[in-house]
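The values are calculated or read from the model by the stated rules, or taken from the named source; none is laboratory data. All values reported here derive from a predicted model rather than from experimental measurement. Cβ placement follows ideal geometry from the backbone for every residue including glycine, while neighbour counts extend to all protein chains displayed.
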Amino acid sequence: MGYCNDMDYSRTMFPNILGHRTRLEAESGPEYLLLSVIHGLLNGECSPDIRLVGCSVLASPCQNDKMIKPCRSTCDALRKDCFHAFEAIEMAWPYFLDCDRFFASEEEGCFDPLVKLKGIRRTSELAMSGLSPEEPSTIIQFTYTSNAQMYSLLKRTAAKCSHISHVYSIGRSTEGRDLLVIEFTNNPGQHELLEPEIKLVGNMHGNEVLGRQLLLYMAQYLCSEYILGNHRIQTLINTTRIHILASMNPDGYELAASEVEDNSHPEPSQQEGHLLNGWTNGRTNAQNIDLNRNFPDLTSIFYRSRRSRHFRIDHIPIPDAYWFGKVAPETYAVMKWIRSLPFVQSASLHGGELVVSYPFDFSKDVHEERMFSPTPDEQVFKQLARTYADSHATMSNNDTDRCGASFYRTRGIINGALWYSFAGGMSDFNYLHTNCLELTVELGCDKFPSESELYPEWKRNKEALLSFMESVHRGIKGVVTDTDGNRIKGATVTVRGIRKDVTTAEDGDYWRLLNPGTHIMTATAKGYSRVTKRVHLPYRMNKAGRVDFVLAKVGSLSSLSLDTWDRFDPYNQFERYSEPGIGAGGIEREEKPWWWNYFSQSGVSPPNWLLRNV
Ligand SMILES: [Zn+2]
């Protein structure tokens, strides 16, 4: 039994505890198969412990023709430590590790299958304790993460940090993969009054993979550092709600990763295979749609209508025509997500350049492919982009030798349309349809860097990502209520000189990113009087200033007209169009977890005992 040959005994007997009569029978069962793949399924967690304990059941030692069972106490401890790892991949605790059924107490005479392992760990802990004890660090594996590993890693991270973290799916990709978000905040799963929400999105282009990895590292880092007591991380998580979508395009990633694998054969000369991958497929989703061209083009509407006096440039509705075109399920899922939470700021991580670009991405003159096309929030966007670029190790350097196009003159930031113009981008949509300000971060020249670059890239970007997240606490926030203290949802907060309003969220709270200075702010709502305040935002301010508004009711509401943004919007109708005809295979995939294929395709009797809720 190859997977059990590191046990510290060499004699076993059959039938074993599970009733297998021969070694062959034991080896061809689903229990042994599980032990052979468990390391990969749990991504190395609880390894080799599970395997050794499993082997001790499958092949117990014997003495004088008498079988010795493994100890119940070892099994109980294992179950306590590792149960959450199974939970995370939605796998039931294996029946043959039932501590009451197949294990024995010390009094009955048992053996500890982990005794050798524990000895080794004690020795290495002693050796480790000599190393810089004042700097507890997070152990992150700086390798590429497959889709299956990513899902498992996110769930395990959330399980490990369940008091501050939570995973949820915003939908599925074209090929049915989950678009899984991990959230960090001190009260996961709900919005807290005045707590700003931010999002980080990676891998929108499936072949631009560095952002995806950095976000996975960030999730692990936030979890571990919070537990270790890192004050900065605790403050960030306690005051912010952070949503991380590491991969918006897992189908594209699958394709890109498989091509890179094909290109990197073991011969040393081929090791540079990743350099070819500027050409790698997988940029688009599985329907060949470029997701960053697939959002509703509200920027054209803005350019057409901005001169009319009553045109509101916030929350521009989606034109009906958009829904007649091809809307990718990934785009749809993200649009719904963007609308469902009061995001204040966001970053979308890409690759291929080293620069931060900010809206508008679509040029104000259709004939000009490169034209400075600022939003009303140009100064705020610029400041936000500077925050990232300046905290990045090299992005704002003035070296001229980078990726072809050079942004050294602007020290690593640029207006999107001035770089190159395109319509249907995600950042423009965020800005014109919601309150959220989104940056596009180009992390480096290489879209699919070699694995050895992952750790250096993490070091280059870690501070930039943290500073970016912290910068959501700039500007002004507050609550809009009526004179009875009822919070007003959907009230408008205007800043003089910036023709882009923000609206209050469900609880009447709002956030307005603003640069330091004096600002005239006005709050209004339908049926209420308007209130104006003069606000001074000092230069050195590390948290958002608080400005509340109390609005008095005026007149009757009978003259209320329907605002354009209240009209029919096919968001909720769209669901049924997006459902593809699910074939028998599709249903199978829906019902069974991702790891089921390991077992169903190997010819063993199907281990239904690994399915939960069966
Ligand atoms: Zn991209």
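For first residues located in the range 507-529 and of a type in the set (Phe, Trp, Tyr), partners that are exposed (fewer than 15 other Cβ atoms within 10 Å of the Cβ) and outside any strand (DSSP E or B) and lie 6+ apart or on another chain with Cβ distances below 7 Å form the pairs TYR528/ALA552; TYR528/VAL554.
Select from the range 497-516 the residues that are surrounded by fewer than 16 Cβ atoms within 10 Å (Cβ to Cβ) and assigned to a strand (DSSP E or B) and list them in ascending order. Of everything in the range 497-516, just one residue is surrounded by fewer than 16 Cβ atoms within 10 Å (Cβ to Cβ) and assigned to a strand (DSSP E or B), namely ARG499.
Candidates are the residues of the range 37-75 that are charged (D, E, K, R) and closer than 25 Å to PHE14 by Cα; the one that is surrounded by the most Cβ atoms within 10 Å (Cβ to Cβ) is ARG51. Looking for something within 16 Å of the ligand (Cβ to nearest atom), in contact with a Lys or Arg (Cβ under 9 Å, 6 or more places away or on another chain), touching a residue at least 40 places away in the same chain (Cβ under 8 Å) and on the phi > 0 side of the Ramachandran plot - is there at least one such residue anywhere in the range 399-414? No: the range 399-414 contains no residue that is within 16 Å of the ligand (Cβ to nearest atom), in contact with a Lys or Arg (Cβ under 9 Å, 6 or more places away or on another chain), touching a residue at least 40 places away in the same chain (Cβ under 8 Å) and on the phi > 0 side of the Ramachandran plot. Could you grab me the full set of residues in the range 517-532 that are in a strand (DSSP E or B) and under 38 Å from the mean Cα position of the chain (by Cα)? Matches in the range 517-532: GLY517, THR518, HIS519, ILE520, MET521, THR522, ALA523, THR524. Would you please name the residue that is nearest to the chain's Cα centre (by Cα), looking only at residues in the range 312-333 that are more than 28 Å from HIS473 (Cβ to Cβ) and part of a loop (DSSP other than H, G, I, E, B)? Here the answer is ALA328. Within the range 47-86, the only residue that satisfies the criterion of being touching a residue at least 60 places away in the same chain (Cβ under 8 Å) and small (Gly, Ala, Ser) is ALA85. Among the residues of the range 19-36, those identified as buried (at least 16 other Cβ atoms within 10 Å of the Cβ) and within 20 Å of CYS62 (Cα to Cα) are HIS20, ALA26, GLU27, TYR32.
Filtering the range 421-447 to residues that are in contact with a helix residue (DSSP H, G or I) (Cβ under 9 Å, 6 or more places away or on another chain), more than 29 Å from ARG460 (Cβ to Cβ) and either within 16 Å of the ligand (Cβ to nearest atom) or of a type in the set (S, T, N, Q) (or both) leaves ALA423, GLY424, THR434.
Filtering the range 281-305 to residues that are assigned to a helix (DSSP H, G or I) and within 14 Å of the ligand (Cβ to nearest atom) leaves LEU291, ASN292, ARG293.
Listed here are the strands (runs of 3 or more DSSP E) enclosed by the range 334-444 that have at least 3 residues being surrounded by 23 or more Cβ atoms within 10 Å (Cβ to Cβ) and polar (S, T, N, Q): 343-350. Would you check if VAL472 is closer than 30 Å to ALA525 by Cα and in a strand (DSSP E or B)? Spelling it out, it is not the case that VAL472 is closer than 30 Å to ALA525 by Cα and in a strand (DSSP E or B). The residue that is surrounded by the most Cβ atoms within 10 Å (Cβ to Cβ), counting only those in the range 454-490 that are free of Cβ contacts under 8 Å to residues at least 60 places away in the same chain and either of a type in the set (S, T, N, Q) or assigned by TED's automatic domain parsing to the domain that holds ASP390 (or both), is PRO456.
With respect to the stated conditions, ARG370 fails to be under 29 Å from GLU506 (Cβ atoms) and basic (Lys, Arg).
More than 28 Å from the chain's Cα centre (by Cα) and assigned by TED's automatic domain parsing to the domain that holds VAL201: is that true of PHE302 in this structure?
Judged against the criteria, PHE302 is a match.
Within the option set LEU236, LEU214, LEU222, being within 23 Å of HIS392 (Cβ to Cβ), at pLDDT 95 or above and within 16 Å of the ligand (Cβ to nearest atom) holds for one residue only, LEU214.
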